[in-house]
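Everything below concerns the one structure shown next.
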Amino acid sequence: GAGVSQSPSNKVTEKGKDVELRCDPISGHTALYWYRQSLGQGLEFLIYFQGNSAPDKSGLPSDRFSAERTGGSVSTLTIQRTQQEDSAVYLCASSQYRTGNTEAFFGQGTRLTVV
Amino acid sequence: GIQVEQSPPDLILQEGANSTLRCNFSDSVNNLQWFHQNPWGQLINLFYIPSGTKQNGRLSATTVATERYSLLYISSSQTTDSGVYFCAVQETSGSRLTFGEGTQLTVNP
């Protein structure tokens, strides 16, 4: 597609359930980022993938959070045993990785509500 | 890690006014971007500007990399300019984007 696509747009889940959020990056982009934005707050870094390099997982808030990127393209963010404080908008971005242009583009986000 | 500070945190304008938003960063950067987050939460790319000056309609931006700051200028503001403006930097290729806390802009008719 032309832009970064995230699914679902909205997700309501019960506390304790697992959820999976999906991100389809722009074709040809080798870098992929996940961020979280709580209501009225800034963007909190979660994880960064670049090609075949080991991902930067330093932003994941707990071991309930994990992410993978299959085939260097689609990424899935998994939250296990969801808690109410996990409620937020989860944003994905992608960029090229080459000298001179690493402009990142964001998807529309997934709004997660844990009830 | 790199620190990013944006000012002012809040700005209220009358339609037609001009404004300047500032982004200071604590180290050399490979990438600097300005985003506008609209009321629906979508992050819109405004400028990719690790150095130099760019203009796009009523908006322009300048980054002085040696002095570690960037400015976003909005001229003849419109109500549709309302929202949060974020600055984000990347220290080196192959690293995360670090965001500032944003400037909340409200343009009143």
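The values are calculated or read from the model by the stated rules, or taken from the named source; none is laboratory data. What you are looking at is a predicted structure, and each value in this text was computed from that prediction instead of being measured. For neighbour counting, all protein chains shown are included, and Cβ atoms are generated from backbone atoms with ideal geometry for every residue, glycine included. SASA here: full protein model, heavy atoms, side chains in, ligands and nucleic acids out. Shrake-Rupley method; radii C 1.70, N 1.55, O 1.52, S 1.80 Å.
Numbers below:
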read-out	value
Two-site FRET efficiency, B:Ile12 against A:Gln41, from Cβ-Cβ distance with R₀ of 30 Å, rounded to 0.05	0.90
Environment charge at B:Glu5 (Cβ cut-off 11 Å; Lys +1, Arg +1, Asp -1, Glu -1)	+1
Reduction of at least 10 Å² in accessible surface, 1.4 Å probe, comparing all protein chains with the chain by itself, residues of the stretch B:85-106	B:Phe86, B:Gln90, B:Ser93, B:Gly94, B:Ser95, B:Arg96, B:Leu97, B:Phe99, B:Glu101
Estimated FRET transfer efficiency when R0 is 22 angstrom, pair B:Thr20-A:Asn101 (beta carbons, to 0.05)	0.25
Hits among lysines - C-alpha to C-alpha of A:Lys57 under 28 Å, sequence gap 8 or more where chains match	A:Lys11, A:Lys15, A:Lys17
Prolate/oblate/rounded call for the stretch B:1-68, Cα gyration tensor, a/c under 1.5 rounded	prolate
Accessible area of B:Ile2 in the full protein assembly, 1.4 Å probe (Å², nearest 10)	10 Å²
Rounded percent of accessible protein surface that carbon and sulfur make up, the protein assembly as shown, 1.4 Å probe	45 percent
Extension gain, A:Gln80 back to A:Val12 (0.36 nm per residue minus Cα-Cα distance, nm)	23.1 nm
Exposure rank, largest accessible area first [B:Thr66, B:Thr79; 1.4 Å]	B:Thr66, B:Thr79
